[in-house]
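The next block holds one structure in the form of structure tokens; read it before the comments.
The values are calculated or read from the model by the stated rules, or taken from the named source; none is laboratory data. What you are looking at is a predicted structure, and each value in this text was computed from that prediction instead of being measured. Here the Cβ positions follow ideal geometry from the backbone for every residue, glycine too, while neighbour counts run over all protein chains shown. These accessible areas exclude ligands, DNA and RNA; they are computed on the full protein's heavy atoms, side chains included. Shrake-Rupley method; radii C 1.70, N 1.55, O 1.52, S 1.80 Å.
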Amino acid sequence: MKLGIVGTGNISSRHLDEFQKIENVNIEAVCDTNEQNLNKFLNKYKSNNIRGYSTLEEMLEKEKNFDGISNTTPDKFHKETTLKILEKGYNIFCEKPLAENYQDAREMVQAALRSNKINMVNFTYRESSAYQKLVKIVKSGEIGVPRHVSACYYQSWLASNKWGDWRNDDKWLWRLSTKHGSNGALGDTGVHIFDFTVNAVGDIKKIFADLKTYYDKGDKIKNYVLDANDGFNSLVRFENGAIGTITNTRYATGHANSLILEVFGTKGGLKVELDEERNKWSTLHVCQNENINKMSWETVECSKTPSNYQNFIKSIQINKNIQPDFNQGAKIQKIIDSCIKSNDNNSWIDIN
Ligand SMILES: NC(=O)c1ccc[n+]([C@@H]2O[C@H](COP(=O)([O-])OP(=O)(O)OC[C@H]3O[C@@H](n4cnc5c(N)ncnc54)[C@H](O)[C@@H]3O)[C@@H](O)[C@H]2O)c1
């Protein structure tokens, strides 16, 4: 199977590495408007003989035989590039967030429907086998009706140098600037924790969100105005009656990249804690049956589940869209828009 990648920055190497692990899948060509990033990528993967282009248009004109294209451009460019890819009739694997807002996300859903092509959004943390098991248990009713949910996404790149100095790196600076198309922590990593939670527990009915930007970081670096939120807290009410908190920060000292989800039902509790090194991605914590009164938790090791990359390829092979698709990406975008509205109006927002 022949794939292309649009955007050769930070995350593109992961796309190449993950796709190349799959039998008979090959990255044929890539493009990037930034010559330096394009050349760095082509140099790194010299032995793969990948063809490089300086625009998407040129790549689409000269390459005729893709089975699918990965979109790893920054958030701001997802819509325009994805629409061009779908128009050419290619299956698309797009990075999160699907778009900058719900309206744009809906347009992308409509374009995907019109083209009748496979469309997926890379909500990475669905790949955890412990998380997959948690979702199955919640949906089976084994822990009863969900009552209380706590979900946190913790990063610390504004308070540590684990991923370098954000002040000197474009890949962090665009994430701090609304003018560069970022909805801050909410749009960048908030989308992950909302997808993670909603896919497990069910749809959110109402939300109240408090977004925070720390202006003492400075107003501007290069041409990046540092006005996007650095974290948020949200209170949620689910359609199924459960309540919860969903939070996210880039100042969580001691956490490079952690997602923690706890779901408490009328007949048991479940917890997953994903870490940067993926050491805990298969470990599910369960409290049910006789353990409920003992306050004891069982640790369950879960067998590996397919990656999003494998699911994209499988979707093409079986001609059936495996989740998460663009519709899910748009649903999450609606929650993001509602958080912004809630913060601006200082009020609860009905999602639908
Ligand atoms: N799923 C995940 O866990 C995960 C992790 C990291 C990043 N991401 C997402 O991946 C995307 C890229 O993030 P990144 O950290 O790699 O950013 P980056 O800034 O390092 O790389 C983006 C690249 O896209 C290029 N580009 C911009 N516009 C283009 C266009 N029109 N055509 C071709 N190339 C273009 C840029 O020049 C840059 O080289 C973002 O949307 C981000 O949210 C997802």
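Observations on the structure shown:
- The set of residues in segment 65-76 being surrounded by 21 or more Cβ atoms within 10 Å (Cβ to Cβ) and either in contact with a Leu (Cβ under 6 Å, 6 or more places away or on another chain) or acidic (Asp, Glu) (or both) consists of 68, 75.
- Residue 161 vs. criteria more than 18 Å from the chain's Cα centre (by Cα), within 14 Å of the ligand (Cβ to nearest atom) and without any contact (Cβ under 8 Å) to a residue 24 or more places away in the chain: no
- Residue list for segment 65-76, restricted to those being within 8 Å of the ligand (Cβ to nearest atom) and among the β-branched types (Val, Ile, Thr): 72, 73
- Residues in segment 12-36 that are within 12 Å of the ligand (Cβ to nearest atom) and open to solvent by 60 Å² or more (accessible area, probe 1.4 Å): 14, 33, 34, 35, 36.
- Set 84, 79, 44, 62: member being within 14 Å of the ligand (Cβ to nearest atom), modelled with pLDDT of 95 or more and open to solvent by 80 Å² or more (accessible area, probe 1.4 Å): 44
- Every listed requirement among (1) open to solvent by less than 60 Å² (accessible area, probe 1.4 Å); (2) in contact with a Phe, Trp or Tyr (Cβ under 7 Å, 6 or more places away or on another chain); (3) more than 14 Å from the ligand (Cβ to nearest atom); (4) over 22 Å from residue 193 (Cβ atoms) is met by residue 109 save one, (4).
- Annotation: residue 54 fulfils all but one of (1) within 15 Å of the ligand (Cβ to nearest atom); (2) of a type in the set (S, T, N, Q); (3) in contact with a Phe, Trp or Tyr (Cβ under 9 Å, 6 or more places away or on another chain); the unmet one is (3).
- Boolean, residue 138 is in contact with a Gly (Cβ under 8 Å, 6 or more places away or on another chain), over 22 Å from residue 257 (Cβ atoms), open to solvent by 30 Å² or more (accessible area, probe 1.4 Å) and away from the ligand (no atom under 14 Å from the Cβ): no
- Residues located in segment 176-201, provided they are open to solvent by less than 10 Å² (accessible area, probe 1.4 Å) and either modelled with pLDDT under 95 or outside any helix (DSSP H, G or I) (or both): 177, 181, 182
- For beta carbons closer than 6 Å, sequence separation of 6+ or different chains, a first residue in segment 323-347 that is within 19 Å of residue 237 (Cα to Cα) and a second that is open to solvent by 40 Å² or more (accessible area, probe 1.4 Å) and outside any loop (DSSP other than H, G, I, E, B), the qualifying pairs are 333/102; 334/102; 337/102; 342/208.
- Residue selected from segment 92-103 under the condition touching a strand residue (DSSP E or B) at 6+ places or on another chain (Cβ under 7 Å) and open to solvent by less than 20 Å² (accessible area, probe 1.4 Å), by the criterion nearest to the ligand (Cβ to nearest atom): 95
- Here residue 219 clears all of (1) without any contact (Cβ under 8 Å) to a residue 24 or more places away in the chain; (2) within 16 Å of the ligand (Cβ to nearest atom) except the condition numbered (2).
- When each of 55, 8 is tested for being buried (at least 18 other Cβ atoms within 10 Å of the Cβ) and of a type in the set (S, T, N, Q), the lone residue that passes is 8.
- Filtered by the rule that a residue be surrounded by fewer than 21 Cβ atoms within 10 Å (Cβ to Cβ) and among the aliphatic types (A, V, I, L, M), segment 112-127 gives a lone residue, 113.
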